[in-house]
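Below is one structure, written out as structure tokens; the observations come after it.
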Amino acid sequence: MNTTATEAKNLPTPWYKERWTWLLMLMPATAIVAGSITLWLAIKSFDGLVADDYYKQGLAINQTLAKANVAQEMGLVARVRFSADAMLVELSSKPGVGLPARLNVTLAHPTRGGFDQQFVLERQEGVYRAAIPEALGTAHWKVLLEDESRSWRLSGTAFLPTETEIRINAADLKPVD
């Protein structure tokens, strides 16, 4: 039995030859691929923002605020300068307050704890100096300055590498009663 051309047009086409079938399957297929990629990223990447000891960190806030109060009482002001390979800190205080021979400086990355950098700066000719690695990266770094005994603390922020100098004044901090 031979079919004529008009009869062939009237025969239904198989589902896999229809454009609308593939177009309708495209959205769920895209969602499955995107969900698989998201799942893979969630499993493989490390979430550095979550702290294991968040409760202890919360309890330590009062100690941190007390250190800021000590820095206020001492009238500490720091000028921190960053160059391509070094960090310079000029520290001043109220008259009669002695400055330490060494400073502990922490550059804390805003989101990745593994990128944090710690330095011990030696005082040379009234200025504290330390070499820094070139690979600090572009970020809004938190700068923490402390003495060796960690009895006081100054903190500020610097957007590296565009911001090459910051001023941290303990008097600018809100006093804690």
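The values are calculated or read from the model by the stated rules, or taken from the named source; none is laboratory data. Since the structure is predicted, the reported quantities are computational estimates derived from the model, not experimental observations. Here the Cβ positions follow ideal geometry from the backbone for every residue, glycine too, while neighbour counts run over all protein chains shown.
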Could you tell me whether any residue of the stretch 5-27 is at pLDDT below 90, surrounded by 10 or more Cβ atoms within 10 Å (Cβ to Cβ) and of a type in the set (Gly, Ala, Ser)? no
Answer residue from the stretch 147-162, given it is surrounded by 15 or more Cβ atoms within 10 Å (Cβ to Cβ) and hydrophobic (A, V, I, L, M, F, W, C) and is farthest from residue 72 (Cα to Cα) among those: 160
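Take the residues in the stretch 84-98 that are of a type in the set (A, V, I, L, M) and under 30 Å from the mean Cα position of the chain (by Cα), then tell me which one is surrounded by the fewest Cβ atoms within 10 Å (Cβ to Cβ). Let's see the steps before the verdict.
Residues of the stretch 84-98 that are of a type in the set (A, V, I, L, M), as a first pass: 84, 86-89, 91, 97.
After this cut, where a residue has to be under 30 Å from the mean Cα position of the chain (by Cα) as well, the list is 84, 86-89, 91.
Values: 84: 8, 86: 12, 87: 20, 88: 16, 89: 21, 91: 21.
For the stretch 84-98, the residue satisfying everything is 84.
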Scan (1) surrounded by 16 or more Cβ atoms within 10 Å (Cβ to Cβ); (2) more than 16 Å from residue 69 (Cβ to Cβ) for the single condition residue 144 breaks and write down its number. (2)
Residue 148 fails exactly one of the following numbered conditions: (1) more than 23 Å from residue 62 (Cβ to Cβ); (2) more than 22 Å from the chain's Cα centre (by Cα). What is the number of that condition? (1)
Between 34, 66, 71, which is free of Cβ contacts under 8 Å to residues at least 60 places away in the same chain, part of a helix (DSSP H, G or I), farther than 21 Å from residue 163 by Cα and more than 19 Å from the chain's Cα centre (by Cα)? 34
